[in-house]
Amino acid sequence: SFEEYKNSYKQSVNDPEGFWSDIASTFQWKKKWDHVLQGDFKQPQVKWFVNGKLNITENCLDRHLEKRSKQTAIIWEPNHPRDQPIHLTYAELHEKVCKYANVLKENGAKKGDRICIYMPMIPEITIAVLACARIGAIHSVVFAGFSAQAIADRINDASCSMVITTDGMYRGPKKLPVKDTIDSALETCHSVKKVLVVQRTAHPIKMEEGRDVWVHEEIEKVTSDCPAEEMDAEDMLFILYTSGSTGKPKGVVHTCGGYMVYAEYSFRNVFQYEDRDVYWCSADVGWITGHTYLIYGPLLSGATTLMFEGVPTYPDAGRFWKVVDKHQVNIFYTAPTAIRSLMASDLSFVRNYKLNSLKVLGTVGEPINEEAWYWYFEHIGKKKCPIVDTWWQTETGGAMISPLANITENKPTFATYPLPGIQPVLLDKNGDEIKENEKEGYLCIKFPWPSMIRTTYGDHERCRKTYFSSYKGYYFTGDGAKRDRDGMYRIIGRIDDVINVSGHRFGTAEIENAIDEHPEIIESAVVGYPHEIKGQGIYAYVICGDHVPEDRGRIREEIIAMVDEQIGKIARPEKIQFVENLPKTRSGKIMRRILRKVAEGNTSNLGDTTTLLEPKVVEDIIQGAVKLESAV
Ligand code: PRX
């Protein structure tokens, strides 16, 4: 009940160590911790469950074997509805993870090594992740939509010694290469000694002698006996790269103990998972949502987790709902962008299905607009399923502000209340806490929580600067938020130079760097603008010399190819405007605020432009924007 939530919340603030100690005690530890929490936000150095020893896979798998060995752990729905789904029980998953772990060891992997996983959504990606954790290797999953260059950057940043990948992948009607992309990436990665290849499409690929091995052949050589490596609670579990306001993505580091405790606790409480429920998170394992709420949270809780290889619109816009009926899904967690894209199709795609197994719905990744919220509530949840709008980040490891299904209230477009153990605050621009309600401010967190970011891989100072230096003593989220009169939070969106496209984060600088590689581009400035389906779209202003070029079509295509190559198709600018100049202050700083307003089509009130070096530039840009044809 709501009362219980309030009591639990109070206890978590009054006695955080007691609170988390009770929760952590429900897990299987090889050795209990000496202290629950040490450190602070200054260094920052925060440690949870100090000197505790564990292996997260024993908690995901081994400890469930007594009661759940025959229960389905993973339901896999393939890309094409004609193909057979796969059901893996906890016993089968345990066996497969142990075998994969032995294959990793046989191929030279050991505790502490970094292993890059670049794979589509097949059960083997989950098995690969868990196999790494089993032997204490640190997984770094790279989303299978990233380009060779982006993979190479991530592999080199973490000096990965191994890559696990597939020959190819299916995505809707397309069959795409995967191994070829890895081959190009590895041309500039000298740390990688072995590439393990899982067969998916069985089309011919190049295998490099001595480096590349087929997993299905390696599996034949190993047993399923693989004791779990003993890990310290603060040993790294994984690195996951995410974009910030500088050009280079950073490797967010999560550790074994705290992440495990919070992934399970938040999963169980947010979704109110009950035994035998079928739970489906549609996120890709390449993002944090896939890590925490497709793999770790559900498996730690002994849940049945569904993974889907395909896309929501293949073969048609009813696929999600077909899968819900087919597997009798009880809890469904997706992104607002998916809801908006399905909303744009005819309602008959929904009406063909019963959807009567659904009990709880969830969203994540970006603010959900009111229209999408109501459509989801009425047409999918049939007005009987609560919607958990979960606000969190790669850096937070788990959901921080969210309704708890059927326990705390819903309010459309509001992430509502913090989970027990999470202490959000709103700060004003001087860094003072805003105590009153009905106010907006910068969203910060003022007390450590178990699954918080520990460092950015290889560069602790960057972690300190990015998250802990803007406001002393607080973790700064980069988001703005509003608190209503009941104390409920509504996330407004990023206030830094991060764009959220379909729930995926990109730094404006990262895209500008890619565009600037074009030999004819002198300078570029990228901003986000409101996009009906994607939430935000990418709008690029580019300068080619002192005039707008004639062959804009060609350059536009080349810019897009440049972005595809440097980052991936997911970061393509939707609109490209050629300009002669950018609005700059006298000190040379681009006034992005103006560019954002022009991109939004909101030019009636551009605010203060008196500090501009050349105010006429703005007029030219506004006129150019009016004429702009769409790029893609
Ligand atoms: O701006 C917030 C938005 O997504 C950002 C985090 O992105 P990422 O690390 O990729 O993680 C996404 C999945 C957890 C946040 O800073 N965001 C995430 N969830 C919500 C949200 N914005 C509004 N409402 C949400 N529920």
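The values are calculated or read from the model by the stated rules, or taken from the named source; none is laboratory data. Quick caveat, the model's predicted, so the values are computed rather than measured. Cβ atoms come from the backbone with ideal geometry, glycine included; neighbour counts cover every protein chain shown. Areas reflect the complete protein model, heavy atoms only, side chains present, ligands, DNA and RNA absent. Shrake-Rupley method; radii C 1.70, N 1.55, O 1.52, S 1.80 Å.
Take GLU550 and tell me if it is more than 16 Å from the ligand (Cβ to nearest atom), surrounded by fewer than 21 Cβ atoms within 10 Å (Cβ to Cβ) and not in a loop (DSSP other than H, G, I, E, B).
For GLU550, the condition - more than 16 Å from the ligand (Cβ to nearest atom), surrounded by fewer than 21 Cβ atoms within 10 Å (Cβ to Cβ) and not in a loop (DSSP other than H, G, I, E, B) - is not met.
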- [ ] Provide a single number: the residues in region 254-267 that are outside any helix (DSSP H, G or I) and either touching a helix residue (DSSP H, G or I) at 6+ places or on another chain (Cβ under 9 Å) or within 16 Å of the ligand (Cβ to nearest atom) (or both).
- [x] 1
Open item on the list: When the residues of region 171-212 are narrowed to those that are in contact (Cβ under 8 Å) with a residue 60 or more places away in the chain and charged (D, E, K, R), which ends up most open to solvent (accessible area, probe 1.4 Å)?
Closed with: LYS193
Task: Residue that is on the phi > 0 side of the Ramachandran plot, under 18 Å from the mean Cα position of the chain (by Cα), assigned by TED's automatic domain parsing to the domain that holds LEU300 and more than 9 Å from the ligand (Cβ to nearest atom), where the choices are GLY397, GLY365 - done: GLY397
Task: Candidates LYS429, LYS411 - the one that is more than 13 Å from the ligand (Cβ to nearest atom) and either modelled with pLDDT of 95 or more or touching a strand residue (DSSP E or B) at 6+ places or on another chain (Cβ under 8 Å) (or both) - done: LYS429
- [ ] Test ALA561 against the criterion of being outside any loop (DSSP other than H, G, I, E, B), small (Gly, Ala, Ser) and without any contact (Cβ under 8 Å) to a residue 24 or more places away in the chain, and give yes or no.
- [x] yes
Open item on the list: Any residue at all in region 564-577 that's surrounded by fewer than 20 Cβ atoms within 10 Å (Cβ to Cβ), in a helix (DSSP H, G or I) and within 16 Å of the ligand (Cβ to nearest atom)?
Closed with: yes
TODO: Determine, yes or no, whether ASP325 is more than 29 Å from GLY493 (Cα to Cα), acidic (Asp, Glu) and modelled with pLDDT of 95 or more.
DONE: yes
TODO: Tell me which residues, restricted to region 6-62, are modelled with pLDDT of 95 or more and among the acidic types (Asp, Glu).
DONE: ASP15, GLU17, ASP22, ASP34, GLU58, ASP62
Task: From the options GLN11, GLN38, GLN43, GLN28, residue that is in a loop (DSSP other than H, G, I, E, B) and within 28 Å of PHE468 (Cα to Cα) - done: GLN43
Task: MET343 being more than 18 Å from the chain's Cα centre (by Cα), away from the ligand (no atom under 12 Å from the Cβ) and in the same structural domain as PHE414 (by TED's automatic domain parsing) - done: yes
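Select from region 234-272 the residues that are open to solvent by 30 Å² or more (accessible area, probe 1.4 Å) and in contact with a strand residue (DSSP E or B) (Cβ under 7 Å, 6 or more places away or on another chain) and write down the one among them that is farthest from PHE19 (Cα to Cα).
THR246
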- [ ] Scan region 449-497 for residues that are within 14 Å of the ligand (Cβ to nearest atom) and of a type in the set (Val, Ile, Thr) and jot them down.
- [x] ILE453, THR456, THR466, THR477, ILE491, ILE492, ILE495
TODO: List every residue pair whose Cβ atoms sit under 9 Å apart, with the two residues 6 or more apart in sequence or on different chains, where the first one lies in region 354-374 and is outside any loop (DSSP other than H, G, I, E, B) and the second, anywhere, is charged (D, E, K, R) and away from the ligand (no atom under 15 Å from the Cβ).
DONE: VAL360/ASP277
Task: Flag if VAL626 is without any contact (Cβ under 8 Å) to a residue 40 or more places away in the chain, surrounded by 13 or more Cβ atoms within 10 Å (Cβ to Cβ) and out of contact with any Asp or Glu (no Cβ under 6 Å at 6 or more places or on another chain) - done: no
- [ ] Residues being in contact with a helix residue (DSSP H, G or I) (Cβ under 6 Å, 6 or more places away or on another chain) and either at positive phi or small (Gly, Ala, Ser) (or both): count how many of those fall in region 576-609.
- [x] 0
- [ ] Just give me the residues in region 268-289 being part of a helix (DSSP H, G or I) and within 13 Å of the ligand (Cβ to nearest atom), in sequence order.
- [x] VAL270, ILE288, THR289
Task: Hits in region 189-243 - residues which are polar (S, T, N, Q) and either under 24 Å from HIS94 (Cα atoms) or part of a loop (DSSP other than H, G, I, E, B) (or both) - done: SER191, GLN199, THR201, THR223, SER224, SER243
Open item on the list: Just checking, does region 376-393 include any residue being open to solvent by 50 Å² or more (accessible area, probe 1.4 Å) and within 16 Å of the ligand (Cβ to nearest atom)?
Closed with: no
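Going by the structure shown, is ILE151 surrounded by fewer than 22 Cβ atoms within 10 Å (Cβ to Cβ), on the phi < 0 side of the Ramachandran plot and not basic (Lys, Arg)?
Spelling it out, it is not the case that ILE151 is surrounded by fewer than 22 Cβ atoms within 10 Å (Cβ to Cβ), on the phi < 0 side of the Ramachandran plot and not basic (Lys, Arg).
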- [ ] Test GLU512 against the criterion of being touching a strand residue (DSSP E or B) at 6+ places or on another chain (Cβ under 9 Å), of a type in the set (D, E, K, R) and modelled with pLDDT of 95 or more, and give yes or no.
- [x] yes
TODO: Output the residues belonging to region 579-632 that are more than 21 Å from ASP546 (Cα to Cα) and among the polar types (S, T, N, Q).
DONE: ASN602, THR603, SER604, ASN605, THR609, THR610, THR611, SER630
Task: Answer from LEU358, LEU404 - the residue that is buried (at least 21 other Cβ atoms within 10 Å of the Cβ) and within 16 Å of the ligand (Cβ to nearest atom) - done: LEU404
Task: Hits in region 517-542 (condition: surrounded by fewer than 19 Cβ atoms within 10 Å (Cβ to Cβ) and out of contact with any Gly (no Cβ under 7 Å at 6 or more places or on another chain)) - done: GLU517, HIS518, PRO519, GLU520, GLU523, PRO530, GLU532, ILE533
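Could you tell me whether any residue of region 521-528 is out of contact with any helix residue (DSSP H, G or I) (no Cβ under 9 Å at 6 or more places or on another chain), outside the structural domain of GLU366 (by TED's automatic domain parsing) and free of Cβ contacts under 8 Å to residues at least 24 places away in the same chain?
Here is the first cut: in region 521-528, the ones out of contact with any helix residue (DSSP H, G or I) (no Cβ under 9 Å at 6 or more places or on another chain) are none.
No, every residue in region 521-528 fails to be out of contact with any helix residue (DSSP H, G or I) (no Cβ under 9 Å at 6 or more places or on another chain), outside the structural domain of GLU366 (by TED's automatic domain parsing) and free of Cβ contacts under 8 Å to residues at least 24 places away in the same chain.
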Open item on the list: List the residue pairs whose Cβ atoms are under 6 Å apart, where the first residue sits in region 314-340 and is away from the ligand (no atom under 14 Å from the Cβ), the second is among the hydroxyl-bearing types (Ser, Thr, Tyr) and assigned to a strand (DSSP E or B), and the two are 6 or more positions apart or on different chains.
Closed with: ILE331/TYR279
